[in-house]
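These notes concern the structure reproduced below.
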Amino acid sequence: MGSIMSCCSSRQVDEGYARNSTWRMFTYKELHTATNGFSDDNKLGEGGFGSVYWGKTSDGLQIAVKKIKAMTTKAEMEFAVEVEVLGRVKHKNLLGLRGYCAGTDQRLIVYDYMPNLSLLSHLHGQFAGDVQLDWKKRMKIAVGSAEGILYLHHEATPHIIHRDIKASNVLLDSNFEPLVADFGFAKLIPEGVSHMTTRVKGTLGYLAPEYAMWGKVSESCDVYSFGILLLELVTGRKPIEKLPGGVKRTISEWAEPFIAEGRFKELVDPKLRGYFDENQLKQAIYVAALCVQNEPEKRPNMKEVAGMLKGYASRGNLMKTRMDSIKYKEELLALDQTSDDGDDLEESCGVFGAITTPNTQDPYNFYGNKKITKRV
Ligand SMILES: Nc1ncnc2c1ncn2[C@@H]1O[C@H](COP(=O)(O)OP(=O)(O)OP(=O)(O)O)[C@@H](O)[C@H]1O
Ligand SMILES: [Mg+2]
């Protein structure tokens, strides 16, 4: 924990960055008071790490406090990575650190409170009925999130792979400007390293096939997850949908035939009631189709993605007219709860063999005998 503690001393950051000008240590008592004793009324949501509470500090600042559920080694590790990474990043589309509290038996992380909560809550959660997300806001969220990830991949030193890009980790400020959050699974990439093999973490539905199957992690995994997020934004559908009869279908499986037949308008979220920009729609779908290609080498990088979404860059002839789609096998889908309640998947050796893709080769010859376990 040495480096974690040392990176979190109170300090000034970029003056041009108004949102998070300082961060500091909080006492447990201070956070207890700010959140009304971590009362259920203050609870904003719950994730793998623990619960998140709304609070107000004595000087009037609105905060979101993430409180560790149980002091396991895994949770402590997540806390350490989150604080370490947050200490390194500074971008208008990344949720910065307001502070933290680390006592003998508790870990709490303090962020600025984001009044519009997460993208998930607007697409599929408590705000879904309000339809506050018009087309313009959706495109702003797409571009902003892409720029946040671009910063992690290309501008942060060392480069950072997020590994858990998904709708609940895109928070929205009062102007619906997106802020990518949750760096507990992030990987810092040493210079000159193109990919690494790691334990598989993340959320089923957003996992790139080479990562889910073999634990091969690179920036391309985030690109894949971003492609799924983009499809979700445009269509309003969940990454994995439960059909009547219990069958589960991925969003790319659903979108594939529409794209192949050029029926783009039918992909758009019906909640938008036909109000969207047709050119932007085509561009967004093309970008998503490029991002969710099975072969990581073929996917664009985030600079290209952001450029294409902003309309000043294109892949010319590479414009895809088909979308690759992966099909998760039954045993893996049986573990998925994202289509119901947003649970995650974590597996120590990957979920090899649980996904079918037409073109992906097994580079490590690991096939078979991999047991799938669910994160608890
Ligand atoms: N800074 C914040 N401001 C407002 N709401 C927040 C903030 N941080 C988190 N939340 C809310 O708390 C919920 C839970 O967040 P949390 O990150 O713990 O879980 P998750 O994203 O659903 O899952 P995971 O543990 O996989 O990240 C979010 O979906 C969001 O609605
Ligand atoms: Mg989260």
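Bear in mind these aren't lab numbers, they're just calculated from the coordinates by the rules spelled out. Since this is a predicted model, take the numbers as computed values, not measurements. For neighbour counting, all protein chains shown are included, and Cβ atoms are generated from backbone atoms with ideal geometry for every residue, glycine included.
Quick notes on this structure:
- Other residues lying with their Cβ under 13 Å from the Cβ of residue 193 contribute a combined charge of 0, Lys and Arg counting +1, Asp and Glu -1.
- Counting 0.36 nm for each residue step from residue 196 to residue 301 and taking away their Cα separation leaves a gain of 36.1 nm.
- Formal net charge of residues neighbouring residue 141 (Cβ-Cβ distance under 14 Å; K, R +1; D, E -1): +1
- The slack between residue 279 and residue 25, meaning 0.36 nm per residue of separation minus the straight C-alpha distance, is 86.7 nm.
- Rounded to the nearest 20 debye, dipole of the range 135-239 from Cβ charges on Lys, Arg, Asp, Glu: 440
- Lys, Arg +1 and Asp, Glu -1 on Cβ, resulting dipole of the range 161-218 about Cα centre, debye, nearest 20: 320
- Going from the residue with the fewest nearby Cβ atoms within 10 Å to the one with the most, 54, 214 rank 54, 214.
- Gain in span if fully extended, residue 72 to residue 310, counting 0.36 nm per residue against the direct Cα distance: 81.4 nm
- The range 114-250 pair-distance distribution - Cα-Cα, 10 Å bins, rounded %: 12, 41, 33, 13, 1
- Taken along the Cα-to-beta-carbon direction at a fixed 7 Å, the label points for residue 243 and residue 59 span 5.6 nm.
- By average C-beta atoms within 10 angstrom, highest first, the peptides 111-124, 129-142, 59-72, 216-229: 216-229, 111-124, 129-142, 59-72
- Summed residue charge, Cβ within 10 Å of residue 51's Cβ, Lys/Arg positive, Asp/Glu negative: +2
- Label-to-label distance, residue 43 versus residue 132, with points set 7 angstrom from Cα along the beta-carbon direction: 2.2 nm.
- Reachable lysines, given that their alpha-carbon falls under 23 Å from the alpha-carbon of residue 92 and they are not under 8 places away in the same chain: 56, 66, 136, 137, 140, 166, 187, 303, 310
- Remark: 238, 303 ranked as 303, 238, counting other beta-carbon atoms within 10 Å and listing the fewest first.
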